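The values are calculated or read from the model by the stated rules, or taken from the named source; none is laboratory data. Predicted, not measured: the structure shown is a model, and the values here were computed from it. Glycine gets a Cβ as well: all are built from the backbone with ideal geometry, and neighbour counts include every protein chain shown. Keep in mind that these areas ignore ligands, DNA and RNA; they rest on the heavy atoms of the full protein, side chains included. Shrake-Rupley method; radii C 1.70, N 1.55, O 1.52, S 1.80 Å.
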Amino acid sequence: MRIFDAVKRANRPGPAEHSITLRVACAGAVVTGIAACRAEGELSWNVAGGSIALVVVGMVLAYRTRERPLPWIKPILALSAVAAFIWFFRQLTGQTLYDVSTVEDPLAVLFVWVQVAHAFDVPARRDLAFSLAGSASLMAVAAAQAIDLTFGFYVVVWLACGLAGLVAMWSSASEGGRLRPRGVIATLSAVVVTGTVVLALLPAPHVAGKIDFPSAAGSGTQLPDPGGLAGDAKVAQLAKAGTPAGATRVGGFLGFSNRLDTALRGGLGATVVMRVRADRPSYWIGETFDRWDGANWSVTPTPHSPQRLNENSPFILPGPAPIAGPTQTDLQTFYIVQPSPNLVFHADDAHEVWFPTHDLFVSDDDSIVSPIGLGPGAIYTVQSYVDTPSPDQLRSAPSADAVPASIDERDTKIPHPYPRAEALAESVTARDGNTYDKVESLIAWIAKHTRYSTDIPPLAPGQDTVDEFLFGNRTGFCEQISTALAVMLRSIGIPAREAVGYVPGPYNPITDLYDVQASDAHAWVQVWFPGYGWQSFDPTAVVPLANPSPGATLVHDATGALKRLPWIPIGIVVTTASVLTVGARWRRRRPRTWADKAARSIEAAGRRAGRRRRPDETLTEYATAIDELAGDPSGTWRALAGVVEASAYGGRHPMPGDDRQILASMRALRDELPRPGVLVGVGGIRRAGALGRRRSSPPTRGTDGNPSTDGDG
Amino acid sequence: MTGRAGRGDPVGVTARTRRLVRPVRPAVPLVSCAGVLVAWGLVAHNSGAGWVQAVGDALGGVLAVGLVAPALVAARARIGIVESPGDGTAGLPVELVATSNTRLRVRPVDPPGPDAFVGPHRAPSVTRQRAGAVGAAEGDIGRANTEWITLVPRRRGVHDHVVVEVASASPFGLLWWRKTVVVGLPRSLHIGPRLGRPLPLPGGREDTAGGGVLDATVAVGEPRGVRPYRPGDHRRFVHWPATAHSGELMVREMEGPTAEPVTLEVHLPADADAAEQVAERAMATVVELVDRGASVLLVTTEDGGPRTGTVGDRRSAGRRLARAVADPGAPPSP
């Protein structure tokens, strides 16, 4: 019975909460949570709009009935909560749980439903605290699917509402306590600092369970040529045209298609093309090219390529097991932002793919091709083995004689002899006894003797990219550099091919995603090592920039960073904060009583006359000083001050109507006060007759046509 | 705890003061916050969603500030009593005017009393405006940080200090932190005993001389006339008609006692409860005698030794009995 009594006591409704600020803040937090879920696509517009409206209605009704809650509310709300849970479980039952979004969407609806129901029964402070806590669960559900910084807008608004609600809660609990501006600043600073420290100290999130491997089709459509690449004309360009300072061609980076044209010139923009969550940064390969013709790379067609995987998600990719046995894995989830070619990017040694289709295509070169175009909203997850052999292992790999014939035939072929490139390669690698050292030596030579720049002259018709790069301007970007390395390796009999994909873009510590931009598109080289397979080498990474300019780079980076800031949400927040601050200050300064208003009117009159009130001066003393300034021996202002003080301290308030008259009289008298440096006319100031009553007859003309001299003074 | 009769230092005697702040019922808030953060952390970390973790970090910051900041506020809180009455009665409320530098919940400990809130707040209707302060400082009306603290002393005694427990939950109200402070009073507070059952008093004076002389019973306490006001006259004796007529403040003049003063010796036992009962009876007896017009000579024992003096009203009787201490020669209980 004691436990039962304790439970009963704990559930006894608390005293009615009268603070409107607290209710508005709680409602704001809940509405923000619903809006955040809607922004992440977890709620439909109808559900979100209806829920927001019902929350507002519920909160208003709960406020109105806070002293005497309606007795039939609780049973109805309890039934609705039960119905919500039943609906939730029915949504999940019988569904194949592909990924966490399968659970999160109905979960969001459930949370919203519970919040809406709860909004109708919040008479006491404790109930409002539950609403506030419930809004946190809505934000968590929305945050689980947020992948960019725009979600930060909702976080900021929700935090603001939550903090305001908590402060209002304390204010109510302390019977009117208030925070001084210094306290508000200290509190906000402490919250920001503490949250930042926690963010910095905690390890990055790690996807744990297979339920969390998301995949979604997004806005992609089925392609007419399953297994083919749709990178040429059917998808949007990924790059902008190059700068006018360099010789450019129209177009941009079209590497993700059936051919890679190294003659193309262009600058790639900072458009985010996809966001990637990965256990480690890697080169996310899209495809490889094995046929070189002097200016273009392409893929040698093979009879059984691409292979169709027709097994539903997750797809197990064909390929050898890890060389060293069970090893670490690297899980990558790709969130497509811009229309992309139908290539499934992945780290080396991809093993398993969670993709929102029934089939997938794999080429001989291990490129993974999607049957649908990948548009914004597409999501897929790839699991790769982390199977990087050490340099010593690669040095000990068998010689090139052990290369399979198919690879030897395809990946050592060059379109025509490169005598100069071959001689160069042989001279550079003369002292190296194994493939790995030869590759490293050539990379070191390239780093020493070439420069990186995207602003290079166009290739003349018939000109060879490699000859021009190695023996001409020795300046180029990743395509020229990697092609030169691949050709040099092929010229000395080492199998090499061109790989294209993306390097990790900037890492966002808040979203835990890499924001891969168009300019992160990259080309590098893969070299075949018997026993170890294709190993990636990036010669561009060690090539120094042409004409490096730290200052320009800094400005460029800063400008880029500023451009990436979400100015609209920031502007909205700053504007809202400014408006609220100004409004709060105005509200705090406005006179609360008639006596306040009247006192300020007297002070305004004095200031107008050039006499400010001293802090130690009573209103009557001040009014007497004004009378002296005005040359009014009858003491009009003093009399008015007396009326004001009688109202403030004696409880003798003027009649309704008279109070407005008095204020009007003050304004009129104020206008007649002499300004500093202004001559007072003959007759001085007109007096306000009986207190609060002033004859305000318009000027009249006498029978002689002249203005009447009958005045008030 | 008692307000000690006589003058005594309450520090270390009536209440052990704790200047260190300590939380009030921290189990539920701490366990709740820890549970929320751990659950959030597990979900965030294993879901791989950076925003979930980021929002959780912000929430953790809020909870950490909400749990720890009140300790700092309470530690830095300062409270003072700006006005206090000089007299009171045991069992009846005594109001003090207090001020503080931050919003505090104040719980009087010695003497005890109900909780009150003191400090900057938003409600102008409960504040007292300073006289002549209409518009004196712009926006100042309604912002006074003085408020009332009510004491309900259980026993008589003299207080130069009060022991209060101040608590704060600023800024979020998640957890209250408290500390005990000793606050000095602007002047000593004398708490007189309640009115108990008076001693049985004899009737009027009998004339044993014979001769048929009738004593003209002097109606002690009845008005004899009016005279101008003198400082010290009680305001309830002001004669308003005479005042309006004469234009200056006039008071009624009462008949004074003509009989010999009645001597009342009060010997308080060592037992506090018994002493309180004795004091109450003495107070009631004195009040009745004074009401009858008798002059009372009160004999008590104070800290400095026996004290004899005339008491002419309830206030002075209350003060004398508030200061009275146990008589070493008195029996343990009456």
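Here are a few things to note about the model shown:
- For the range A:604-637, a tally of residues being among the hydroxyl-bearing types (Ser, Thr, Tyr), within 12 Å of another protein chain (Cβ to nearest Cβ) and not in a loop (DSSP other than H, G, I, E, B) returns 2.
- Any hit, the range A:325-340, residues being modelled with pLDDT under 85, surrounded by 19 or more Cβ atoms within 10 Å (Cβ to Cβ) and under 24 Å from A:His522 (Cα atoms): yes
- Failed condition for A:Gln145, given (1) of a type in the set (S, T, N, Q); (2) touching a residue at least 12 places away in the same chain (Cβ under 8 Å); (3) more than 14 Å from chain B (Cβ to nearest Cβ): (3)
- B:Ala131 meets all of the listed conditions (1) open to solvent by 10 Å² or more (accessible area, probe 1.4 Å); (2) modelled with pLDDT of 90 or more; (3) facing chain A (nearest Cβ under 8 Å) but one, namely (2).
- Some residue of the range B:307-314 being open to solvent by 40 Å² or more (accessible area, probe 1.4 Å) and assigned to a helix (DSSP H, G or I): yes
- Complete set of residues in the range B:31-41 that are within 21 Å of B:Ala169 (Cα to Cα) and either open to solvent by 80 Å² or more (accessible area, probe 1.4 Å) or touching a strand residue (DSSP E or B) at 6+ places or on another chain (Cβ under 8 Å) (or both): B:Val31
- Residue count, the range A:291-306 (criterion: modelled with pLDDT of 85 or more, in a loop (DSSP other than H, G, I, E, B) and within 14 Å of A:Lys413 (Cβ to Cβ)): 2
- Boolean, A:Pro415 is surrounded by fewer than 17 Cβ atoms within 10 Å (Cβ to Cβ) and not small (Gly, Ala, Ser): yes
- Lone qualifier among A:Gly152, A:Gly134 - being open to solvent by less than 20 Å² (accessible area, probe 1.4 Å) and either away from chain B (no Cβ under 11 Å) or touching a helix residue (DSSP H, G or I) at 6+ places or on another chain (Cβ under 6 Å) (or both): A:Gly134
- Members of the range A:646-658 that are within 14 Å of chain B (Cβ to nearest Cβ) and open to solvent by 40 Å² or more (accessible area, probe 1.4 Å): A:Tyr649, A:Gly650, A:Gly651, A:Arg652, A:His653
- Failed criterion for A:Ala664 (all others in (1) more than 14 Å from chain B (Cβ to nearest Cβ); (2) at pLDDT 90 or above; (3) crowded, with 16+ Cβ neighbours inside 10 Å hold): (3)
- Residue selected from the range B:49-75 under the condition more than 7 Å from every other protein chain (Cβ to nearest Cβ), open to solvent by less than 20 Å² (accessible area, probe 1.4 Å) and modelled with pLDDT of 90 or more, by the criterion nearest to A:Gly183 (Cα to Cα): B:Pro70
- Flag for A:Pro69 being open to solvent by 40 Å² or more (accessible area, probe 1.4 Å) and either within 14 Å of chain B (Cβ to nearest Cβ) or not polar (S, T, N, Q) (or both): yes
- Checking the stated criteria, A:Ser174 turns out to be modelled with pLDDT of 80 or more, in contact with a Ser or Thr (Cβ under 9 Å, 6 or more places away or on another chain) and at the interface with another protein chain (Cβ under 9 Å from one of its Cβ atoms).
- Test for B:Val286: is it of a type in the set (Val, Ile, Thr) and crowded, with 22+ Cβ neighbours inside 10 Å: yes
- Candidates in the range A:185-201 are the residues that are in contact (Cβ under 8 Å) with a residue 12 or more places away in the chain and within 8 Å of another protein chain (Cβ to nearest Cβ); of these, the one that is most open to solvent (accessible area, probe 1.4 Å) is A:Leu199.
- Among the residues making up the range A:506-518, those that are out of contact with any Ser or Thr (no Cβ under 8 Å at 6 or more places or on another chain) and away from every other protein chain (no Cβ under 13 Å) are A:Pro506, A:Val516.
- Condition met for B:Gly66 (in contact (Cβ under 8 Å) with a residue 12 or more places away in the chain, of a type outside the set (D, E, K, R) and over 30 Å from A:Tyr154 (Cβ atoms)): no
- B:Arg156 being within 14 Å of the chain's Cα centre (by Cα), open to solvent by 40 Å² or more (accessible area, probe 1.4 Å) and touching a residue at least 60 places away in the same chain (Cβ under 8 Å): no
- Positions within the range A:440-483 being assigned to a helix (DSSP H, G or I), open to solvent by less than 20 Å² (accessible area, probe 1.4 Å) and out of contact with any helix residue (DSSP H, G or I) (no Cβ under 7 Å at 6 or more places or on another chain), in sequence order: A:Glu479
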